[in-house]
Amino acid sequence: MREEGGMEHIVKAIEKMSTKHDEHIREYDPTNGKDNARRLTGLHETASIHDFSYGVANRGCSIRIPRQCEKDGYGYFEDRRPSSNCDPYAVTSIIIKSICQ
């Protein structure tokens with residue numbers, strides 16, 4: 001992802017994550033998604049909790065790819081769904097499991 005040609009791997013990873021959106025939402029806050037339901041409304045630069053989306057430089061998506069990464073063709077992506085009180089180990093675990101399976 002962080003080397004030349006990495007954008008292809010970023011998109012593949014995001015597409016794998018898209019198939020497990022509901023599982024991710026349950027892991028992304030300590031109340032199995034109930035807290036995030038109040039935050040992820042689709043308003044105020046958030047994606048709807050019910051829909052998965054990704055895009056370049058779009059802060060209203062579930063997953064954002066920074067503009068510079070698209071320009072360079074490699075880099076990273078930001079999952080904007082985890083709540084501020086999430087368990088970072090649980091979030092990292094489900095992301096890795098989704099991408100590497």
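The values are calculated or read from the model by the stated rules, or taken from the named source; none is laboratory data. What you see is a predicted model; the values in this text were computed from it and never measured. Every residue, glycine as well, gets a Cβ built from its backbone with ideal geometry; the counts of neighbours run over all protein chains shown. Remember, those area values only see protein heavy atoms, side chains included, never the ligands or the DNA or RNA. Shrake-Rupley method; radii C 1.70, N 1.55, O 1.52, S 1.80 Å.
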Which condition does Lys97 not pass, out of (1) closer than 24 Å to Glu3 by Cβ; (2) open to solvent by less than 50 Å² (accessible area, probe 1.4 Å); (3) of a type in the set (Lys, Arg), if it passes all the others?
(2)
Looking only at residues in the stretch 55-91 that are open to solvent by less than 30 Å² (accessible area, probe 1.4 Å) and farther than 27 Å from Lys34 by Cα, which one is farthest from the chain's Cα centre (by Cα)?
Gly73
Need at least 3 residues that are over 16 Å from Ile94 (Cα atoms) and open to solvent by less than 100 Å² (accessible area, probe 1.4 Å) per element, so show me which helices (runs of 4 or more DSSP H) inside the stretch 1-48 make the cut, counting only ones lying wholly within it.
6-18, 34-39
Write out, first by first residue and then by second, each pair whose Cβ atoms fall under 7 Å of each other, whose residues are 6+ apart or on separate chains, and whose first residue, in the stretch 2-31, is of a type in the set (Ser, Thr, Tyr) while the second is assigned to a loop (DSSP other than H, G, I, E, B) and surrounded by 14 or more Cβ atoms within 10 Å (Cβ to Cβ).
Ser18/Phe52; Tyr28/Arg81; Tyr28/Pro82; Tyr28/Ser83; Tyr28/Cys86
From Ile25, Ile10, Ile14, grab the single residue that is hydrophobic (A, V, I, L, M, F, W, C), modelled with pLDDT of 95 or more and under 20 Å from Ser84 (Cβ atoms).
Ile25
Every residue from the stretch 78-101 that is β-branched (Val, Ile, Thr) and in contact with an Asp or Glu (Cβ under 9 Å, 6 or more places away or on another chain)
Val91, Ile94, Ile95
Of these, Ala90, Ala57, which one is modelled with pLDDT of 95 or more and within 20 Å of Glu8 (Cα to Cα)?
Ala57
